[in-house]
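Engineer: My questions will all concern the structure given below.
Laboratory data are not the source of any read-out in this text; all were calculated from the coordinates shown. Not measured: the values here are computed from a predicted model. Cβ sites come from the backbone with ideal geometry, for glycine too, and all protein chains shown count toward neighbours.
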């Protein structure tokens, strides 16, 4: 009997990997020809050796706008950046020269424009008179409380009427969120007069930026809202979600769930979520949220006085963290560490500074930018630009000793495999294509693969001088990467080299 059991266990041990592989192979990840980023574990089965998923950090490119107009001031915030078209970038933000209650009459919405997302100007639009002049960049005024957190978006839904090409939400928990529409992004009107489209005082606080967009992946409008983990006001500052087919009628508000390594993530205060579809892979939503640390004080009274910060705004600190989602009620917090760290200087360690703006936009052939509200509550309140490579939120990185990445079984469409990668002069990357049970496919082994050395956004992988993978399209396969002193940021199966 003992021999039988031992034999059974031995056979089971031998077969277990095959059974596991077979079960995974039965349900491969269908990625079609979509670009996939290594911001989560969606494609990752195993990472071995000196390799790991690594969070990138954007490069500080300096101040791009100072909020120095009389109608702007030290409490400008809740910023949205939209790339409308090539050479047409828009910036929207709250202007308010002094602190007041949420939705006070001094709040207005301002704009700035750019042809590259790097150099910005404030246009004199002549729409509203403020501080005795119509030569200003104000696009919405005398419209409290909706100018408190006015959050626009460019509606990409097919067939949207041109007069509703821009949409926005604004309001507080008392008023609810009113919907606005615009044809040009400068002149706005309410979609329906004084009737909120989203209003549930017990489900959402709404007392910061509430962001919306059209999702091609989910075929509906999505809105991420400010909420609390305990209703209506308590616990942790939280994020909730609702959806709509027409931007007027929205589903009941539900809280988001945050996962880290397959488990519930540690709870943290997330003040704004800044979630939007990533423009090169819109099925992946990227959130650059403000992580708020209430009561975590850095500055002394004397240090706060030296930078002339408002006395109510230096008892806390904050930074930016990276959230990702593929729709539904789940965020992945793959990386718990800070994505955008506070800079050097007392001015960066006060309450409600380092708040990221909504949207990541392309600002160069191989670069993209995010923007961060700095020096909040100070006369030097400003917006800083941070840059990173395209797709460069995170990567699979291996050091000099080398490591490997094995994907889950996947199904693709397309002809060539292109990857976004970077190596050192001594580093390199090879790719092997395997069957779902881990057998290298003839002609696509590491020995056949031409080593990738360099730093490129889209390099096609070549095996024995050929890159054509059309014969494998639609069939479950795995990709195994060998990396040495290298990063892989993204991959995509494309139709042509």
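Engineer: If I take the Cα coordinates of region 141-287 and project them onto the principal axes, what are the three extents in Å, biggest first?
Structural biologist: Projected onto the principal axes, the Cα atoms of region 141-287 cover 44, 36, 23 Å.
Engineer: Sort 478-485, 230-237, 80-87 for me by packing, meaning the mean count of neighbouring Cβ atoms within 10 Å per residue, highest on top.
Structural biologist: The packing order, highest mean first, is 478-485, 80-87, 230-237.
Engineer: Further, regarding this structure: With a point put 7 Å past each Cα toward its Cβ, work out how far residue 29 is from residue 66 in nm, to one decimal.
Structural biologist: Computed distance between label sites residue 29 and residue 66 equals 4.7 nm.
Engineer: How large are Rg and Dmax for region 202-243 when only the alpha carbon atoms are used, in Å?
Structural biologist: 11.4, 34
Engineer: Just checking my list (1) 0.95; (2) 0.97; (3) 1.02 against Rg/Rh (Cα atoms, Kirkwood Rh) computed from this structure; which label fits?
Structural biologist: (3)
Engineer: To continue, here is another question. Take the alpha-carbon centre of region 163-231, take the same for region 409-479, and report the distance between them in whole Å.
Structural biologist: Using only Cα atoms, the two centres lie 44 Å from each other.
Engineer: Within a 10 angstrom radius of the beta carbon, how do 293, 368, 388 rank from fewest other beta carbons to most? Could you put the intermediate results ahead of the total?
Structural biologist: On the way: 293 14, 368 23, 388 17.
So the ranking, lowest neighbour count to highest, is 293, 388, 368.
Engineer: Can you put 350, 181, 44 in order of Cβ neighbours within 10 angstrom, beginning with the fewest?
Structural biologist: Numbers: 350 28, 181 20, 44 15.
Going from least to most buried by this count: 44, 181, 350.
Engineer: Ranking 460, 396 by Cβ neighbours within 10 Å, fewest first, what do you get? Intermediate values should be presented prior to the final figure.
Structural biologist: Numbers: 460 16, 396 24.
Starting with the residue having the fewest Cβ neighbours, the order is 460, 396.
Engineer: How many angstrom lie between the Cα centre of region 147-161 and the Cα centre of region 247-315?
Structural biologist: Region 147-161 and region 247-315 have Cα centres spaced 22 Å from each other.
Engineer: For the chain, what proportion of DSSP beta bridges, expressed in % and rounded to the nearest 5, is antiparallel?
Structural biologist: Of all bridge pairs located within the chain, approximately 95 percent are antiparallel.
Engineer: Quick one: angle between helix 2-25 and the longest Cα principal axis of the chain, in degrees between 0 and 90, rounded to 10, please.
Structural biologist: 50
Engineer: With each run of n ≥ 4 DSSP H residues scored as -39500 (n - 2.57), what mean residue ellipticity at 222 nm is computed for the chain after dividing by its residue count and rounding to the nearest 500 deg cm²/dmol? Write out the running numbers ahead of the final one.
Structural biologist: Working: 2 runs with 30 residues, N = 497.
My calculation for the chain gives -2000 deg cm²/dmol from helical runs alone.
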